[in-house]
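Below: the structure, in structure tokens.
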Amino acid sequence: MRVLIRADASPTIGSGHIARCLTLARVLRQQGSHVAFACRRLPGHRLDALAAEGFETFTLPDVYPDEDPQQAIESMLPWQADIEALDALLAGHAAFDWIIADHYGLDHHWQTAARRWAPRIAAVDDLATRRYSVDLLLNQNLSGLSANYAPLLPEGCRTLLGPRYAMLREEFVCPAIAIKPKARRVLVNFGGFDAAMQTHHAMLALQDFAELEVDFVAGADNPAWTQMQALAATRPHWRLHSFVGDFQQRMTAADLFIGAGGGTSWERAALGLPTICIAVSNNQQANGEVMAAAGAHVFMGAREQVSVEQLRDAIGFVVDNVYLRQSLAERSRQLVDGRGALRVAAALGGAVLKLRPATLDDAQLLFDGRNAEAVRRWSLDTAAIEWPQHLNWLKASLHNPQRLLLIAEADDGAVGVLRYDLRGFEAEVSLYLLHGRFGLGWGRALLARGEAFVRAHWPQMTAITAQVLPGNRPSLNVFRDAGFTQSACAFTKVLKDHRDE
């Protein structure tokens, strides 16, 4: 699979768009996909860092003709100029399977035009404020309600909404941090740029807490860097960093986090790290409020409304209240499990999933897959199958014209198995996923791709049925989401009336 990501970074935009897309890009590359980035060369761009990681990069101009340099940031871009510049860069390159736009300045005009390079377009969004011409939309925020997007999306667009899809690095799939009776270590970070100087603001609020050890990660380009250096030099328990390569480890060691409401919110939630959050941009406000309502962090509001005294009072309250910190940790961990990037990758890969008929060469794959405990638990027959019995079944299946046995494959190997048994005008489907593919959304992709395959193979078929055990809630949800109608634990999807033939 070939994927192009269109995102930018600058002191005004921040680095969060690139950061979350980079996490997804790493997962996709591990799974065998080719990933490229197209970014403008704005101040603070990340093109060099992306190239250093081995990703193909396409450099777009920092300013387009007739564009005010002061507006070449996060406002709506001159989409025609952006498309033309990208067109020149992509000339002679192979087409992409997906283009992902993570940019508030690109709307349905750009997305429609970008289909010249890929048949599928995805958008990563936080706002629900403009029209989209996409096949997939991701909003990882707790406030990303489907009702907000309904009038903005084309028919048939798939949505991935909520922190279940928060794109975090793999080290955040980990145990929760320990909540100590008394908070001793604090970590402060307001993003890669902190143009609003909230790190300095937090320093002023923390001056009276001499017993706390504090790490401030601010970025060397922080506009208050000189003032912060002077303050940190007078306090032996303070450490000021322009960059750290072990941010996750520092989060794990901290008892309290003070920071913004961007992508780091989900990293903190996955760790169960108690947090005092301040929104440093408008797009962080709604999510900050909803997370606070869920009990996942202490939200102070927009930065303009938070005084040093208010932040100082909040720090004192949280540091001294172990029960509050325990509650914040538990509630935040309920929101995020750290596997969001894998789920997004599965949604992208599922759209181009390849199906092929099984052969005798797949005997071991099918044997191991069917006998896996997670598969047998929800099978109608839960007994382990013996190898001779399995081989006889497979040979008979491959020679049965009323049965289709299919293997689903992604770039990094087999994903799952589909079996269709035709009885009259109806086919009964059963499926299972292979090791490492559970809980990521691959089942939906198997059903969608399998339906297209079986309809072409048996054009006379009018419906697909399935049997699911009552306790197998993930499978029940998969069939419902795939358009099947449930009757007890039997599912049916009507394709056409055979009398119309």
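Read-outs: derived from the displayed coordinates by stated rules, not from any lab. Quick caveat, the model's predicted, so the values are computed rather than measured. Please note: Cβ atoms are built from the backbone with ideal geometry, for glycine as well, and neighbour counts cover all protein chains shown.
Here are a few things to note about the model shown:
- ARG403-ALA150 FRET efficiency (beta carbon distance; Förster radius 41 Å; 0.05 resolution): 0.50
- Two-site label geometry, PHE317 and GLN486: point separation in nm, points 7 Å out along Cα→Cβ: 4.2 nm
- Since only LEU273, GLY245, ALA466 are under comparison, the one whose Cα sits farthest along the positive direction of the charge dipole of the chain, derived from C-beta charges on Lys, Arg, Asp and Glu, is ALA466.
- Segment 2-169: radius of gyration and largest Cα-Cα distance (Dmax), Å: 15.0, 42
- Percent RCO, i.e. relative contact order, over segment 2-169, from Cα pairs under 8 Å lying at least 6 residues apart: 19 percent
- Gyration tensor verdict on segment 407-488 (Cα atoms; rounded if a/c is under 1.5, prolate if a/b is larger than b/c, oblate otherwise): oblate
- Taking a Cβ cut-off of under 13 Å around ARG120, the surrounding Lys, Arg, Asp and Glu residues balance to a net charge of +2, with basic ones at +1 and acidic ones at -1.
- With 0.36 nm allotted per residue and the present C-alpha distance subtracted, the ALA294-LYS354 stretch has 17.6 nm of extension available.
- Global geometry of segment 1-87, whether rounded, prolate or oblate, following the gyration tensor of its Cα atoms and the 1.5 cut on a/c: prolate
- Once backbone amide H atoms are built at 1.01 Å from N, ALA101 has ARG6, ALA122, ALA123, VAL124 as its partners under 5 Å, excluding neighbours fewer than 5 places away on the same chain.
- Bridging of LYS496 to aspartates and glutamates at a Cα separation below 20 Å is possible for ASP421, GLU426, GLU428, GLU451, ASP481, once same-chain residues fewer than 8 apart are set aside.
- Within segment 322-395, the proportion of Cα pairs with more than 17 Å between them is 69 percent.
- Kirkwood hydrodynamic radius of segment 353-501, from the reciprocal of the average inverse Cα-Cα distance over all distinct pairs: 15.8 Å.
- For ALA88 and ASP48, the FRET efficiency from 1/(1 + (r/R0)^6), where r spans their Cβ atoms and R0 equals 25 Å, is about 0.75.
- Cα-Cα pairs of segment 70-156 separated by more than 21 Å (percent): 31 percent
- Interchain or long-range residues, amide H under 5 Å from ALA36's placed H: VAL3, LEU4, ILE5
- A simple spin-label model places pseudo-atoms 7 Å from Cα toward Cβ; at LEU365 and GLU330 they are separated by 4.5 nm.
- Local electrostatic count at TRP378 - Lys and Arg +1, Asp and Glu -1, tallied over other residues with Cβ under 13 Å: +2
- Taking a sphere under 11 Å around the Cβ of VAL318 and counting the other residues whose Cβ falls inside, with K and R at +1 and D and E at -1, yields a net charge of -2.
- Beta bridges from DSSP with both residues in the chain: antiparallel share about 40 percent, rounded to the nearest 5.
- The chain - charge dipole about Cα centre, Lys and Arg +1 at Cβ, Asp and Glu -1, debye rounded to 20: 1320 debye
- Cα-derived Rg to Rh of segment 174-335, Kirkwood definition: 0.92
- If a spin label sat at a point 7 angstrom from the Cα of HIS435 along the line to its beta carbon, the backbone N atoms of segment 404-424 nearer than 16 Å would be those of 413-417.
- Estimated from helical segments only, the mean residue ellipticity of the chain at 222 nm is -10000 deg cm²/dmol, where each DSSP H run of four or more residues counts as -39500 (n - 2.57).
- Distance (nanometres) between label positions extended 7 Å along Cα→Cβ at HIS241 and ARG131: 4.6 nm
- Per residue, the convex hull around the alpha carbon atoms of segment 260-353 comes to 93 Å³.
- Two-site FRET efficiency, ASP421 against LYS395, from Cβ-Cβ distance with R₀ of 22 Å, rounded to 0.05: 0.85
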